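These notes are about the structure you will find just below.
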Amino acid sequence: MNPEINPAIFGGKQEDVQLFFTNSSALVEQLSTLSIQQLGQSAPAAVSTETMTAIQNKHESWLTGLNSLTPGLTTDVQPIIGGMEKSMNSAITAIAEYNKNPDDVHMWSVQSDLMEYVLQQKKWLEAIKQ
């Protein structure tokens, strides 16, 4: 857990907060690793069904976590949260698109969506530290 996060900001749901950031890190890491592996292939091929199911399940948990935290947030961080959700959903969509048409461009999209996500999350953490 990030030591600078005060769970009181989220209505004191410390487990939820901790779980969300844990899920978030795990999902970012999994998507990042996957995109790098796919980009490293000499012939791009679709992601396995098992991997897609695992990613979709993690994404569902992540969304549930995000939705459980957002009601208690101030309006000034809502756009940041919206940006995080948009970037993460976009990364997941890019993987689905890649599976339909295995082209590196989709995996580069995943990489840039993840970078955007991490920047938004960093902005959020800075906003709630104050």
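The values are calculated or read from the model by the stated rules, or taken from the named source; none is laboratory data. Remember, predicted model here, so these are calculated numbers, not experimental data. Positions of Cβ are backbone-derived with ideal geometry, glycine not excepted, and every protein chain shown enters the neighbour counts. These accessible areas exclude ligands, DNA and RNA; they are computed on the full protein's heavy atoms, side chains included. Shrake-Rupley method; radii C 1.70, N 1.55, O 1.52, S 1.80 Å.
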Practice task
Would you confirm whether any residue within region 99-109 is out of contact with any Ser or Thr (no Cβ under 6 Å at 6 or more places or on another chain), within 15 Å of Thr33 (Cα to Cα), in a helix (DSSP H, G or I) and hydroxyl-bearing (Ser, Thr, Tyr)?
Solution key: yes
Fill in the blank from the handout: Inside region 43-98, the number of residues satisfying the requirement of being open to solvent by 60 Å² or more (accessible area, probe 1.4 Å), among the hydrophobic types (A, V, I, L, M, F, W, C) and in contact with a Leu (Cβ under 6 Å, 6 or more places away or on another chain) is 0
Handout entry: Total residues in region 97-130, condition under 12 Å from Leu31 (Cβ atoms) and either of a type in the set (A, V, I, L, M, F, W, C) or touching a Gly at 6+ places or on another chain (Cβ under 6 Å) (or both)
Key = 5
Practice task
Could you check, for region 114-129, whether at least one of its residues is under 21 Å from Val17 (Cβ atoms), free of Cβ contacts under 8 Å to residues at least 24 places away in the same chain and loosely packed, with under 13 Cβ neighbours inside 10 Å?
Solution key: yes
Handout entry: Test: Ser68 is small (Gly, Ala, Ser), in a helix (DSSP H, G or I) and either touching a Lys or Arg at 6+ places or on another chain (Cβ under 7 Å) or modelled with pLDDT under 95 (or both)
Key = yes
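Filter region 99-113 down to the residues that are charged (D, E, K, R) and open to solvent by 40 Å² or more (accessible area, probe 1.4 Å), then identify the one that is nearest to the chain's Cα centre (by Cα).
Quick first cut of region 99-113, residues charged (D, E, K, R) only: 100, 103-104, 113.
Now drop any that are not open to solvent by 40 Å² or more (accessible area, probe 1.4 Å), which leaves 100, 103-104.
On the way: Lys100: 22, Asp103: 22, Asp104: 20 Å.
Selected residue: Asp104.
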Handout entry: Positions within region 12-42 being outside any helix (DSSP H, G or I) and either under 21 Å from Met115 (Cα atoms) or open to solvent by 60 Å² or more (accessible area, probe 1.4 Å) (or both), in sequence order
Key = Lys13, Gly40, Gln41, Ser42
Practice task
Scan region 17-37 and report the pairs whose first residue is farther than 13 Å from Ile92 by Cα and whose second residue is open to solvent by 10 Å² or more (accessible area, probe 1.4 Å) and at pLDDT below 95, with Cβ atoms within less than 6 Å and a gap of 6+ or a chain change.
Solution key: Val17/Pro7; Gln18/Met1; Leu19/Gly65; Phe20/Gly65; Asn23/Ser61; Asn23/Gly65
